[in-house]
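As structure tokens, the structure follows; a few thoughts come after it.
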Amino acid sequence: MRNQPKKYKRIAKKMKNFDSGIRTSVVVAILISLNFAIFAHMFGMDVLELLNPKRYTDNSANVNATMMEEKIRDMTKGYPIEEMAQYISREDEQVAAFLVSIAKKESNWGKRSPKLNGKDCYNYWGFRQKREKMGTGGHTCFDNPREAVKVVANRIEELIENGVDNPADMIVWKCGSSCQTHSEVAVKKWINDVDLYYKRFYN
């Protein structure tokens, strides 16, 4: 019984040290959090976004899209299709390569394109699909560049999924189901011209 007070003192001392350790850990955690928040604020970042793993995947995709957009703008500078660079760059890399290369062959990147009542149809790919608005030459008319890119990109994506995944096979874009009404020279030139720009984006 005499040793009991000493025992309690030892326990009390341990509890005091334990509480002190917890307080120190809490203070350190708060300081780290504050520094993290200050860093995020300095660079205009959201703390929750920084802690989100998906952010880094998204950022990687954004970086690739930005690089693709710059590449498209540099190559098509001064041509009407330059306005579509931001939309083309958001598509799959191979789809984007076809969008740029086919447009170069079919319209010289928009310098020869269908019109409706004197206005641009934003159809730089010789795309034909029956719609309410149809331009010269029986070509589809789009309301704006974003719509044009999305519709044509979807069609190219469908072709790729069905095995049309290189410029030689993509000749169906020009000929349809058969190239019998086109000369061999014209067919080869279409493939070679599309291939030239396709390989600058996807190889």
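The values are calculated or read from the model by the stated rules, or taken from the named source; none is laboratory data. Small disclaimer: the values here were computed from a predicted structure and weren't measured. Every residue, glycine as well, gets a Cβ built from its backbone with ideal geometry; the counts of neighbours run over all protein chains shown.
So, in the range 46-88, exactly how many residues are within 15 Å of the chain's Cα centre (by Cα) and at pLDDT below 50?
The total comes to 3.
Glu147 - would you say it is loosely packed, with under 12 Cβ neighbours inside 10 Å and either of a type in the set (A, V, I, L, M) or at pLDDT 95 or above (or both)? Full working, then the answer.
Details: loosely packed, with under 12 Cβ neighbours inside 10 Å: no; either of a type in the set (A, V, I, L, M) or at pLDDT 95 or above (or both): yes.
In short, no.
Identify, from the list Glu106, Glu132, the residue that is crowded, with 21+ Cβ neighbours inside 10 Å, over 22 Å from the mean Cα position of the chain (by Cα) and over 15 Å from Glu83 (Cα atoms). Outline the logic, then answer.
On the way: Glu132 fails: crowded, with 21+ Cβ neighbours inside 10 Å.
Within the list Glu106, Glu132, the selection yields Glu106.
May I ask you to list the residues in the range 146-203 that are of a type in the set (Asp, Glu) and in contact with a Pro (Cβ under 8 Å, 6 or more places away or on another chain)? Walk me through how you get there before you give the answer.
As a first pass, look at the range 146-203 and keep what is of a type in the set (Asp, Glu): 147, 157-158, 161, 165, 169, 184, 193, 195.
Asp195 - this is the single residue of the range 146-203 that is of a type in the set (Asp, Glu) and in contact with a Pro (Cβ under 8 Å, 6 or more places away or on another chain).
Might you check whether a residue that is touching a residue at least 24 places away in the same chain (Cβ under 8 Å) and either in the same structural domain as Met84 (by TED's automatic domain parsing) or surrounded by fewer than 12 Cβ atoms within 10 Å (Cβ to Cβ) (or both) occurs anywhere in the range 177-189? Please lay out each step first, then the result.
In the first step, residues of the range 177-189 are kept if they are touching a residue at least 24 places away in the same chain (Cβ under 8 Å); the result is none.
Within the range 177-189, not a single residue is touching a residue at least 24 places away in the same chain (Cβ under 8 Å) and either in the same structural domain as Met84 (by TED's automatic domain parsing) or surrounded by fewer than 12 Cβ atoms within 10 Å (Cβ to Cβ) (or both).
What single numbered condition from (1) modelled with pLDDT of 95 or more; (2) on the phi < 0 side of the Ramachandran plot; (3) among the aromatic types (Phe, Trp, Tyr) fails to hold for Trp109?
(2)
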